[in-house]
Amino acid sequence: MERNGKKKLSRREFLKGAGAAAVGTAAVGIFGTSVFASEDAVTGASVVEEENTSRAGGSSGESSRGSGEVTPGGVTSDDRVWGYSGPGDWLGQAPDPGTLYISRVLDCDVAVIGLGHAGVQAVLGAAEKGARVIGVEKHSRDTHSWFGEDFGCWNSDLQVNQAGFGPYDLGEVVDEFVTRGGGRSNPEIVRLYVHNSGPTMDNMMAVCKEMGVDPRVYTYDNTRDGWLIIQANFDYDKWKSGADIYDCLRKDYPIWPGTKTWAASCQFMGEYNDHMVPGVAANSKLPLVNQACLDKCVRDYGTQLLYGTSGVVLCQDENKAVTGVIVQDDATGEYIQINTAKGVVMAGGDYAGNKEMSWALLNEYMERSERAGGSVDRFYSSGRDGSSVKMMCWAGGFVEPAPRGTMILGGGPTGPWGANAMLWLNCRGRRFTNEGNITAAQTATSRQPKGLGCLVTDKKWLKSVCASGLEHSGPNAGRPQYFLDMIDGMNAVEPGPQGGIVKSCIVAERMYEKVLRADTLEELARYIGYQEEDIPTFLQSIRHYNELCYAGADTDFGKDASAMIPVDEAPYYAVVTRFGSDEMVGPQMVTMSGVMTDHRLNVIDADRKPIRGLYACGNSLGGRYGTGYCTPSAGNSIGYAMTHGRLAGQFVCEE
């Protein structure tokens, strides 16, 4: 329902009609289209300057710079936002809702802010429950799209009955997520995802069929012509026996070289690529899935979608319950008040594009960057602007406590097979970690002396690949043709310092990696670039590693025996990288922390009490990760977003 008529709300009128407000961001609504695979759309914001120093959020929200007791939402005497250890006033002051001119008033049951992967499913989840839904998206209809191609899910019909992967023990999967997060993730938030991702996938595929989407989008087919595959690894013994390549996919999961992984990432890859394709997931068909879901909502449930519109303020009553949201038409500058009978779902993404928020909240990475000469001016990436998170903080929510993560994918040298459990050596020729424990890899490599690093393998390189886990950017035989391309490329590498270029078998877009080959380990060390004084250590490290492999136990670092494959048969291979640099130009792709909620995705305040009518999902939601993006399968960032989005849309309807 729409009610027209421009009106300037006084503070008293606003409190009486829509309630106390908590408002959008002090950062600039940014960028247009991102090239990274992220879950959510940008909410953007409009900032209105105030003369007073009050803030919404937490309790009274009084700022106390230089005076009195600091309350939630205030700024401490050492210029921190109350409740956070990071520097600076990243939260800023809430715009005064009394200065906003309301041009239109819309009534609905549920408003969803952001129409990325999470927001689309929130709209669908609420609409399927019979709710009147309004979806709000900053980008225009012409420029809005979705990025990424993989949906990590568990025990879906596609996986179990079409492709033959699983069913898996979901409790074991949940425990691995929590373990990898160092106990920092919320087990209930993780469980919501793992246990509901399969049904979410099945529902999306059913919508695609109903809406007449090309059948290749929802049909498992790992041939060159297929569009939808599942990331898997090879069964090396079957390959060596001469079995057909399409019968060589491993089905025995988890793989466990140091951390557990499962074949759980459904990848909407699109057509096979024989050459490098620029952009992330450039051929992805996942946008077709999201568009079908939105089209169904509009056609069958009368959902209203507002494009080119930014979230500005959450409306609250005297009890702090969220009763609606004020948004702004970015083209006309007009403000629209959306009143909600049930509540608001915030799906507006992360804060990687906001350098002040990233510098203040990503404490560990801020420290490492500063020690290496970095600064706040360079500490951002093409993520979202943090407005979704700020709106919830102003309404009384809190970002989860430090340490907070960003999308660090792991560490160590990769190669055309991606993340691996091969032998890694630093610039002194020393082994330094369990290469199969990808959770620890990024930190372990960053602590090495600055200089070259490498992985070393031999004639049995494919066996080592097959023993590696299905990490994000790990090996991917889900489309067997990619493994054949890689094998052909490795066979074509000539000995010498020039090496050879090999096509990767990691993700949808094709990449190339340089691989060195030598007939002896001494030659390989020189091709890698080792100083003469470090070559003896290089050789001794390999001899010692081989002894551990022969004994069947890594008594140094604990890598599983399945991945302890000796480097003792020519030809020998290496991939070179660099270790030991702490400097980061900013958070990687997206931030992995968000606002705290209860087990039903209802945002909670400082006293852990739910804020009625306010729900979070996607990269705005906390409790999903630890300090990085190291997980039991690829695709879980989008998987989390879509699954939690659907659940948030359903849960808010039960208000």
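The values are calculated or read from the model by the stated rules, or taken from the named source; none is laboratory data. Please read all numbers here as calculations on a predicted model, not as lab measurements. Don't worry about glycine lacking a Cβ; one is built from the backbone with ideal geometry, like all the others, and counts go over all protein chains shown. Note: accessible area is taken over every heavy atom of the protein model, side chains too, but ligands, DNA and RNA are not part of it. Shrake-Rupley method; radii C 1.70, N 1.55, O 1.52, S 1.80 Å.
As a fraction of the 1.4 Å probe accessible area of the range 135-226, surface on carbon and sulfur atoms comes out at 44 percent.
With one equal scatterer per alpha carbon and no solvent term, the Debye-computed log10 I(q)/I(0) for the chain at 0.10, 0.12 1/Å reads -0.88, -1.18. The alpha carbon centroids of the range 77-101 and the range 252-313 are separated by 34 Å. Each 10 Å bin from zero up to the one holding the largest Cα-Cα distance in the range 202-311 carries the following percent of pairs: 12, 30, 31, 18, 7, 2.
Eigen-decomposition of the gyration tensor built on the alpha-carbon atoms of the range 140-293 gives equivalent ellipsoid semi-axes of 25, 23, 16 angstrom, largest listed first. Taking 517, 608 and ordering them by how much accessible surface each has at a 1.4 Å probe, largest first, produces 608, 517.
The spacing between the range 449-468 and the range 394-439, judged by their C-alpha centroids, is 16 Å.
Spatial offset of the range 520-582 relative to the range 114-148 amounts to 50 Å, using the alpha carbon center of each.
For the range 571-655, give the percent of accessible area contributed by carbon and sulfur heavy atoms, probe 1.4 Å, rounded to a whole number.
Numbers: 960 of 2230 Å².
C and S atoms contribute 43 percent here.
Taking the Kirkwood radius as Rh and the Cα radius of gyration as Rg, the range 408-454 has a ratio of Rg/Rh equal to 0.91. Principal semi-axes of the equivalent ellipsoid, √(5λ) from the alpha carbon gyration tensor of the range 244-302, are 32, 19, 12 Å from largest down. Think of each Lys and Arg Cβ as +1 and each Asp and Glu Cβ as -1; about the Cα centre, that makes the dipole of the chain roughly 780 debye.
On a full-extension model of 0.36 nm per residue, what is the gain between residue 298 and residue 460, subtracting their alpha-carbon distance, rounded to one decimal in nm? The partial results should precede the final answer.
Working: separation 162, 0.36 × 162 = 58.32 nm, distance 5.48 nm.
Taking residue 298 through residue 460 to full extension adds about 52.8 nm, to one decimal.
Here the mean projected area of the convex hull built on the C-alpha positions of the range 485-567 is 6.9 nm².
Shown is the FRET efficiency for residue 225 and residue 514, computed with R0 = 35 Å from the Cβ-Cβ distance and rounded to the nearest 0.05: 0.70.
Computed over the range 502-655, the alpha-carbon pair-distance distribution with 10 angstrom bins reads 8, 21, 24, 19, 15, 10, 3, each value a whole percent. Taking the alpha carbon gyration tensor of the range 63-185, multiplying each eigenvalue by 5 and rooting it gives semi-axes of 39, 28, 14 Å, largest first.
Taking only the Cα atoms of the range 412-489, the radius of gyration and Dmax are 12.9, 38 Å.
Enter the angle in degrees (range 0 to 90, nearest 10) between the Cα long axis of helix 480-492 and the first principal axis of the Cα atoms of the chain, meaning the one along which they spread out most. Computed tilt is about 50 degrees. Computed per residue of the chain from DSSP H runs no shorter than four, each worth -39500 (n - 2.57), the mean residue ellipticity at 222 nm is -8000 deg cm²/dmol. For the chain, the solvent-accessible area with a 1.4 angstrom probe is 35 square angstrom per residue. Since only 467, 610, 558 are under comparison, the one whose Cα sits farthest along the positive direction of the charge dipole of the chain, derived from C-beta charges on Lys, Arg, Asp and Glu, is 610.
Leaving ligands, DNA and RNA out of it, report the carbon-plus-sulfur percent of the accessible area of the range 378-466 at a 1.4 Å probe. Mind dumping the intermediate values first?
Details: 1040 of 2170 Å².
Whole-percent figure for carbon plus sulfur exposure: 48.
The stretch between residue 77 and residue 599, if pulled fully straight at 0.36 nm per residue, gains 184.5 nm over its current Cα-Cα span. Taken along the Cα-to-beta-carbon direction at a fixed 7 Å, the label points for residue 447 and residue 162 span 4.4 nm. In the range 223-263, if the dipole is taken from +1 on Lys/Arg beta carbons and -1 on Asp/Glu beta carbons about the Cα centre, which of 248, 259, 229 is farthest to the positive end? So the residue we want is 259. For the range 330-434, the dipole from Cβ point charges (+1 on Lys and Arg, -1 on Asp and Glu) about the Cα centre works out to 620 debye, to the nearest 20. Among 576, 393, 589, which residue has its Cα positioned farthest towards the positive end of the charge dipole of the chain, with +1 placed on the Cβ of Lys and Arg, -1 on the Cβ of Asp and Glu, and the dipole taken about the Cα centre? Ranked along the dipole, the leading option is 393.
Per-residue accessible area (protein heavy atoms, 1.4 Å probe) orders 201, 211 as 211, 201, starting from the largest.
Using C-alpha positions alone, give me the convex hull volume of the range 369-511 per residue in cubic angstrom. Show your work: numbers first, answer last.
Values: hull volume 24.9 nm³, N = 143.
Taking the convex hull of the Cα positions in the range 369-511, it is 174 Å³ per residue.
Which stretch or stretches of the range 520-535 have amide N atoms under 15 Å from the point lying 7 Å from residue 544's Cα along the Cα→Cβ direction? In the range 520-535, the label zone of residue 544 (backbone N under 15 Å from the point 7 Å along Cα→Cβ) covers 534-535. Within a straight-line Cα-Cα reach of under 24 Å, residue 251 can be paired with the following lysines, leaving aside sequence neighbours fewer than 8 residues apart in one chain: 238, 240, 260, 460, 463, 559.
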